[in-house]
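This report refers to the structure that appears directly beneath it.
The values are calculated or read from the model by the stated rules, or taken from the named source; none is laboratory data. Just so it is clear, the structure is predicted and the values come from calculations on it, not from any experiment. Please note: Cβ atoms are built from the backbone with ideal geometry, for glycine as well, and neighbour counts cover all protein chains shown.
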Amino acid sequence: MMVEDIRPYGDHPDDGAVQVAFTLPLKAGPQAAEAARELMRQMGIEDAQVVHSRDLGGDFTFFVGYGRCRHRVNPGALEVPRVDLEVMDFRAVNQFVRERLGRKVLLVGACTGTDAHTVGLDAILNMKGFAGHYGLERYPEFRVINLGSQVPNEVLVARAVEEGADAVLVSQVVTMRDVHLGNLTRLAELLEAEGVRDRVVLVCGGPRITHDLAVELGYDAGFGPGTTPSLVASYIVGELDRRRVAGRLGEAR
Ligand code: B12
């Protein structure tokens, strides 16, 4: 179905109904509420109403607003940055590794820097998996080393080098003050400095990670919300195979 120029849906189709939430650096009161409404109007929201506000103390007020969004979007005209591949299931990935790579694949993962949010990385790596997909530890053709939380980049790189990792998987959930950008960049640079960047498939993930951002930071791929272990497994083994084939072609020349 070709969808064009849609608006949000609330009460009835195309009514544009939206809810927004934000905090203003203002003392709670009528002046602050009017500032919130004006801001919503400037966002393109008509019939802007403040339906909830709370004094956060320290001259900050939190607002929830409702209104009708004037803007429209044509989803068909958008280019979606993502890892584009055919996702194989558990059985197919293991078979692919046996037939195409002929050896076990070694994965080293960590939440790096100060980040202690392990749930996302564990969803991908832990045996029990996520959203009905087995985690990568369950794959007989993978060996997984999960270093856990708050791992310094240096420790992750040292372990990846020591073990001869095929892939390094990094999770970054906290993005306050763009801490993830510095962390991820330093890891890529460190692998480069150790001369192993080209020898590993380097992937990162987290709720605010996009594939485009990851590539921009020097990664092979980035995975955002809703990522399944099967997608990550399919990407890694596919990438290892592409590199294997490219290497073989190189030798033949
Ligand atoms: C649980 C949680 C915690 C737990 C973490 C426990 C643990 N062991 O992980 C605890 C209580 C410790 C915690 C602490 C903090 N938290 Co917290 N936390 C959350 C919460 C509620 C859920 C996160 C979660 O588990 N999501 C579920 C997983 C499955 O989703 P996911 O991480 O997106 O993972 C998926 C994908 O992103 C992807 N993925 C993720 N990683 C990777 C890695 C790879 C390699 C790949 C391929 C894919 C991948 O695949 C996963 C599956 O699809 C979120 C809010 C929210 N609702 O999201 C806040 C949140 C992340 N926390 C936040 C904050 C601020 C903190 C603290 C700083 C609070 C404080 N002031 O102390 C501390 C920081 C601690 C630290 N040093 O990191 C903020 C971050 C804001 C920001 N933008 O940076 C959030 C968004 C809450 C908020 N709205 O303010 N937190």
Practice problem: Specify the residue that is nearest to the ligand (Cβ to nearest atom); the eligible residues are those in the range 126-166 that are more than 16 Å from Asn94 (Cβ to Cβ) and of a type in the set (Asp, Glu). | Solution: Glu163
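Residues are listed down the side, and each one gets a yes or a no for (1) surrounded by 14 or more Cβ atoms within 10 Å (Cβ to Cβ); (2) of a type in the set (D, E, K, R):
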residue	(1), (2)
Asp15	no, yes
Phe22	no, no
Pro30	no, no
Gln42	no, no
His52	no, no
Val64	yes, no
Quiz item: Does the range 229-245 hold any residues that are over 17 Å from Cys204 (Cβ atoms) and within 16 Å of the chain's Cα centre (by Cα), and which are they?
Solution: Ser230
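Residues checked against (1) among the aliphatic types (A, V, I, L, M); (2) part of a loop (DSSP other than H, G, I, E, B); (3) over 20 Å from Glu216 (Cβ atoms):
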position	(1), (2), (3)
Lys128	no, yes, yes
Gly148	no, yes, yes
Glu154	no, no, yes
Glu162	no, no, yes
Arg186	no, no, no
Quiz item: Looking at Arg186, is it modelled with pLDDT under 95 and under 22 Å from Asp115 (Cα atoms)?
Solution: no
Quiz item: Can you tell which of Arg70, Arg103 is in the same structural domain as Thr228 (by TED's automatic domain parsing), surrounded by fewer than 13 Cβ atoms within 10 Å (Cβ to Cβ), over 23 Å from the mean Cα position of the chain (by Cα) and more than 16 Å from the ligand (Cβ to nearest atom)?
Solution: Arg103
Practice problem: Taking the residues in the range 190-219 that are closer than 16 Å to Val151 by Cα and in a helix (DSSP H, G or I) as candidates, determine which candidate is farthest from the ligand (Cβ to nearest atom). | Solution: Leu190
Exercise. Scan the range 110-120 and give yes if some residue there is in contact with a helix residue (DSSP H, G or I) (Cβ under 7 Å, 6 or more places away or on another chain), closer than 26 Å to Arg243 by Cβ, of a type in the set (A, V, I, L, M) and surrounded by 14 or more Cβ atoms within 10 Å (Cβ to Cβ), otherwise no.
Key: yes
Quiz item: Glu239: part of a helix (DSSP H, G or I), in the same structural domain as Val97 (by TED's automatic domain parsing) and more than 16 Å from the ligand (Cβ to nearest atom), yes or no?
Solution: no
Quiz item: Among the residues of the range 173-189, which ones are touching a Leu at 6+ places or on another chain (Cβ under 9 Å), within 13 Å of the ligand (Cβ to nearest atom) and more than 25 Å from Thr228 (Cβ to Cβ)?
Solution: Leu181
Quiz item: Which residues, counting only those in the range 111-144, are out of contact with any Gly (no Cβ under 7 Å at 6 or more places or on another chain) and on the phi > 0 side of the Ramachandran plot?
Solution: Gly113, Ala131, Gly132
Quiz item: Going through the range 143-186 one residue at a time, which ones are in contact with a Cys (Cβ under 7 Å, 6 or more places away or on another chain), touching a residue at least 40 places away in the same chain (Cβ under 8 Å) and surrounded by fewer than 23 Cβ atoms within 10 Å (Cβ to Cβ)?
Solution: Val151
Quiz item: How many residues are polar (S, T, N, Q), in contact (Cβ under 8 Å) with a residue 60 or more places away in the chain and either assigned to a helix (DSSP H, G or I) or within 6 Å of the ligand (Cβ to nearest atom) (or both) when one looks only at the range 106-125?
Solution: 1
Quiz item: If only one of Gly226, Gly222 is within 13 Å of the ligand (Cβ to nearest atom), within 11 Å of the chain's Cα centre (by Cα) and at positive phi, which one is it?
Solution: Gly226
